[in-house]
Structure formats: C-alpha cells, structure tokens
Amino acid sequence: SQQGEEDPQALSIQEGENATMNCSYKTSINNLQWYRQNSGRGLVHLILIRSNEREKHSGRLRVTLDTSKKSSSLLITASRAADTASYFCATVSGGSNYKLTFGKGTLLTVNP
Amino acid sequence: SQTIHQWPATLVQPVGSPLSLECTVEGTSNPNLYWYRQAAGRGLQLLFYSVGIGQISSEVPQNLSASRPQDRQFILSSKKLLLSDSGFYLCAWSSTGDTFGSGTRLTVV
C-alpha cells in the first residue's frame, strides 16, 4: 500500500521560478526521502530528512518535514529545464528491515 | 564506490513465457536488496526484499518470485508471464538512501 501522497500530481512552471511539491503520509516514520525520476529511467536519491529534523538543504533543494501534520515539502529554487522530471517522496517506518513506501509522484515540467 | 547493474533495459515477452531479470551490486557486502515495480504514471510498489543470501520476503501476492543466490545478486523471475506483469521494474540496494538500478521496461504481449 502507498504511504506517501504527493501534491500536486503535475506542475508546470517557467525557468527561474520556484517549484514546491508536497507529500503527506499516514503513519509514523523514521525518515522521509525525496527521489527524482527522469522519464523512463531509474530513481535518483535527492535528500533524506529524519523524523527529528525539520528542514534540510542541498544546493537548490529545500525539504521541510512537519511530523505533527505528517507532511513534507520539496522546494526547488530557480528551476531549470533540466529539473523536468517526476519527483517522489518515500517513507521509512519502524523495524530494522529498511523498506521504502513510495507515493505516486509529482510530474514537474519546467518550460524554457 | 558502490554500483548497481540491472539488465536488460527493455524486454518484450509473450504471455506465458518465462522471465528472468538480474540485478547485481558492486562495492558493498551484505546489502539489503529490493525489487520494485512501477506501473505507468504511478509510484513504485515494493515487490520483494532480501536481507541476505536465500532470504526473500514478498510484499504482495503475485505471479513473480525472487531469488538471491549470491550476496550481490538478486533475480526476479516468473514461470509464466501475464499481461498484467507489464511495467517498469527497478532493483535497489539500501544505505542512507536507496540506490536504484536503471530499470527494465517489460512489455508482455
């Protein structure tokens, strides 16, 4: 079953604009991760945020986590056409066996 | 450095034919390995995971099986493919973030 739900399902912006994608989940988590997938390719790990963290930065990426609302957001600043891809959040919950549960993803299109 | 290899990249198979997709990992020992499937326009669904040689856990009932004959080798198989087995299959191993293979697009015709 899918834990994360990304919002919006699709987002189209112009180069230079910021893109914000949201993810909501249902159960308690150990960490939440964001991945990018270019069309027809494998997933690339972007960033991991632990349940005791509230915000992380990596280059033009900023991820926030609100465990009280069971939600996370991914902000891409100063977007580029090369950022066009699907973005997925995935959660890890409990136990010692490390399993990711993915949402359905947000398709981001950055127009030049 | 750790790398993960998955092949083939694309595969077209007739209904009822067998399937074998292979995934190998280099640069790490005793990794947790995973097979995911992604239906068109959907997120990833975990099919199998393995914490060691010969140890396979299945997440969903299905027409597929998995095996781990060696520490760094994870195989996804089927004896008879169904049309519904079509999809994009991804192998992954875990560290602080999962590292994914490049995927196999399987079309069952």
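The values are calculated or read from the model by the stated rules, or taken from the named source; none is laboratory data. Since the model is a prediction, treat every value here as computed from it, not as a measurement. Here the Cβ positions follow ideal geometry from the backbone for every residue, glycine too, while neighbour counts run over all protein chains shown. Accessible surface is based on the protein model in full, side chains and every heavy atom, while ligands, DNA and RNA are left aside. Shrake-Rupley method; radii C 1.70, N 1.55, O 1.52, S 1.80 Å.
For this structure, a couple of remarks:
- Chain lengthening between B:Ser29 and B:Leu11 when straightened (0.36 nm per residue, less Cα-Cα): 3.6 nm
- In this structure, the amide hydrogen of B:Gln13, modeled 1.01 Å from its nitrogen in the peptide plane, lies closer than 5 angstrom to those of B:Thr107, B:Val108, B:Val109, counting only residues at least 5 positions away or on a different chain.
- When you restrict to C-alpha pairs under 8 Å that are six or more residues apart and normalise by the size of chain B, the relative contact order lands at 36 percent.
- Modelled FRET efficiency - R0 45 Å, B:Val109 with A:Ala81, Cβ distances, 0.05 increments: 0.80
- On the basis of the beta-carbon distance and an R0 of 45 Å, A:Thr20 and B:Thr3 show a calculated FRET efficiency of 0.85.
- Value of Rg to Rh for chain A, rounded to two decimals, is 0.96; Kirkwood radius and Rg both from alpha-carbon coordinates.
- Karplus (6.51, -1.76, 1.60) ³J(HN,Hα), θ = phi - 60°, over segment A:48-64, in Hz, Gly and Pro reported as x: 10, 10, 7, 5, 9, 9, 10, 7, 9, 10, 8, x, 8, 9, 9, 10, 10
- Between A:Asn38 and B:Ser102, the simple label model (points 7 Å from Cα in the Cβ direction) yields a spacing of 1.1 nm.
- Accessible surface of chain B, 1.4 Å probe: 52 percent of it comes from carbon and sulfur atoms.
- At an R0 of 30 angstrom, the distance between the Cβ atoms of A:Ser58 and B:Ser57 translates into a FRET efficiency of 0.45.
- Length gained when the stretch A:Lys69-A:Asn30 is fully extended (0.36 nm per residue, less Cα-Cα span): 12.5 nm
- Cross-link reach is defined here as a Cα-Cα straight distance under 20 Å, omitting same-chain residues fewer than 8 places apart; for A:Lys70 the aspartates and glutamates meeting it are A:Glu5, A:Glu6, A:Asp7, A:Glu53, A:Glu55.
- Per residue, the convex hull spanned by the alpha carbons of the protein assembly as shown comes to 122 Å³.
- Charge dipole of chain A about the Cα centre (unit charges at C-beta), most positive-ward option of A:Ser68, A:Ala81, A:Asn111: A:Ser68
- Probe 1.4 Å - accessible area at A:Lys69, Å² to nearest ten: 150 Å²
- Applying the Karplus relation 6.51 cos²θ - 1.76 cosθ + 1.60 with θ = phi - 60° to segment B:102-108 yields 3J(HN,Hα) values of 7, x, 10, 8, 9, 10, 9 Hz, where x marks Gly and Pro.
- A simple rule links phi to the HN-Hα coupling: the Karplus curve 6.51 cos²θ - 1.76 cosθ + 1.60 with θ = phi - 60°, which for segment B:86-93 gives 4, x, 10, 10, 10, 9, 8, 10 Hz, with x for Gly and Pro.
- The lysines whose alpha-carbon is closer than 27 Å to the alpha-carbon of B:Lys79, local same-chain residues fewer than 8 away aside, are A:Lys99.
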